[in-house]
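Input: a single structure, listed below in structure tokens.
Throughout, read-outs are computed from the coordinates displayed, never taken from laboratory work. Bear in mind that the values here come from a model prediction, so they are computed numbers and not experimental data. Heads up, the Cβs are rebuilt from the backbone with ideal geometry, glycines too, and the neighbour counts pull from every protein chain shown.
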Amino acid sequence: MTYVVGIVAVILVILLIVFIAKKSGSKSAASETKSFEKGRSDSDREALEKKTPEKELVVDETKGPEDERDVESILPEKCTAEESAFEGPDAAEEEIYEQEETSEEEEIVEIAPEGVRLDETAEQTAVLNLKKARRERKLQKLRQGLSKTRGGLISKISALFKGTKEIDADLLDKLEEALITSDVGAGTTEWLLNLVREALDKEELKDPKAVWGLLKDEIRHALSIKASPYDFSSDKPFVIMVVGVNGAGKTTTIGKLASQFSQDGYKIVLAAADTFRAAAVNQLEIWGRRTNSEVVKPAKEGADPSSVVFDAVKTAKETGADIVIADTAGRLHTQAPLMEELKKINRVLGKAHDTAPHEILLVLDATNGQNALQQVKEFGDALDISGIALTKLDGTAKGGVIIGICHEYKIPVRYIGIGEAKDSLRQFDVEDFVDALFVQEDEA
Ligand SMILES: Nc1nc2c(ncn2[C@@H]2O[C@H](COP(=O)(O)OP(=O)(O)OP(=O)(O)O)[C@@H](O)[C@H]2O)c(=O)[nH]1
Ligand SMILES: [Mg+2]
């Protein structure tokens with residue numbers, strides 16, 4: 001009997017040991033998983049998130065395209081497989097975008113010695129000085145952004161006038177060459193040459209420096225096209241339709257505008273009317289997240305963009321949003337069906353809201369030089385372009401095209417892009433612009 005009890009006791013002890021061993025094993029496996037999760041870097045997590053397939057665009061048949069189109073035949077040239085795989089900005093892009101000046105408060109803290117509180121007058125003076133310093137930094141960035149154009153066009157012309165004692169046929173030839181090769185356009189070149197010829201006829205303007213001074217004044221005048229500022233309060237929602245060729249910088253410009261407007265306290269709806277690629281919608285959604293803006297998406301890839309803008313205006317009315325900005329697919333003026341599509345978007349916006357669109361903003365890539373001038377003409381034939389955003393001035397010596405645009409088409413340049421960071425889209429200010437353009441030779 002004792003023998004049997006002994007055996008049962010031994011079995012029980014063995015079972016107990018096996019049970020305890022199993023439990024601790026599973027516990028350590030769980031804690032391993034946990035510590036793995038904890039130790040996983042942000043980039044690992046991002047990589048995992050990226051692998052998760054994007055949510056498919058929901059097909060809403062009731063809101064399908066009004067007119068069935070052969071989408072393939074009118075796809076923009078730039079729509080490549082690589083673009084369709086767009087998964088959002090990488091870390092480097094995010095860093096560039098986030099580059100921003102330090103806030104006023106941070107700067108005041110920096111200038112006051114530790115533990116010292118500034119009295120009211122000292123603080124006011126400090127704020128004033130900081131505002132000045134901040135403005136100077138902004139101008140400095142603008143000068144940097146325009147440095148290639150300044151080096152390409154302005155230095156060439158000013159050197160011509162400074163390097164000679166009298167204006168002769170040879171100087172006129174060189175001036176013509178400098179203007180033509182700097183992409184200001186044939187019409188503008190002719191206009192500036194005529195100004196010099198007329199100046200020569202006037203006795204008092206024989207001095208080359210004085211003639212160059214006159215040219216600068218005329219350029220400043222040509223760039224000073226009056227444009228009333230956007231009035232977001234009088235007629236809600238204020239609708240901006242954004243158009244341009246492939247890759248001009250439309251979506252980025254929209255994102256930067258949304259960023260500025262939302263910082264000013266406005267509620268924004270973005271219309272993802274570039275419906276050809278899911279990637280284009282994704283790109284706008286990222287901007288929507290960054291700027292706290294609602295994004296109205298197409299019912300399906302290839303859907304009629306007009307229905308998207310219509311829905312966006314409707315959404316803005318329902319939610320009391322102040323501004324609607326409509327992205328559109330990049331297109332070449334030679335693609336007639338696509339230009340017709342833009343006209344339709346324009347018409348539908350008018351149906352959605354009587355006074356819309358309040359602005360048709362043509363985005364031009366300054367690196368396109370004279371082609372940009374052609375784009376103003378072609379888009380202008382299809383639509384009543386009311387404003388221009390000239391992007392990528394930082395990357396080109398062809399920025400002189402802005403003179404041609406203003407002189408030939410009298411359309412105001414609303415914004416200029418001088419980089420990729422979010423504060424690199426600047427409201428165009430003619431005085432700052434001209435100062436930045438002529439700074440070196442004025443200082444010389
Ligand atoms: N350096 C520089 N790059 C810019 C500027 N504006 C836009 N870009 C870049 O230009 C590229 C194209 O910009 P997008 O906004 O995608 O152009 P898009 O017109 O929407 O292009 P599609 O939708 O394909 O027609 C992006 O890499 C932008 O970061 C600028 O002012 N300076
Ligand atoms: Mg785009």
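Key figures
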| read-out | value |
| --- | --- |
| Of all DSSP beta bridges in segment 321-444, antiparallel share, percent nearest 5 | 25 percent |
| Protection proxy ranking of 216-223, 247-254, 331-338 - average other beta-carbon atoms within 10 Å, highest first | 247-254, 216-223, 331-338 |
| Size of charge dipole - segment 223-318 - debye, nearest 20, with Cβ of Lys, Arg +1 and Asp, Glu -1, no other charges | 160 debye |
| Residue-span extension gain [Glu166 to Arg289] - 0.36 nm each, minus C-alpha spacing | 38.3 nm |
| Highest-first arrangement of 190-198, 320-328, where packing means the average Cβ count within 10 Å | 320-328, 190-198 |
| Ordering of 170-178, 238-246, 261-269, 307-315 by packing [mean C-beta count within 10 Å, highest first] | 238-246, 307-315, 261-269, 170-178 |
| Long pairs among Lys377/Lys398; Lys138/Lys297; Lys141/Lys236, criterion Cα-Cα beyond 27 Å | Lys138/Lys297; Lys141/Lys236 |
| Magnitude of the charge dipole, segment 144-268, Cβ model with Lys/Arg +1 and Asp/Glu -1, debye to 20 | 780 debye |
| Karplus 3J(HN,Hα) series, Hz, for segment 358-366 with 6.51 cos²θ - 1.76 cosθ + 1.60 (x for Gly, Pro) | 7, 9, 10, 9, 8, 8, 10, 8, 4 |
| Charge dipole magnitude, Cβ of K and R +1, D and E -1 - segment 208-255, Cα centre, debye nearest 20 | 160 debye |
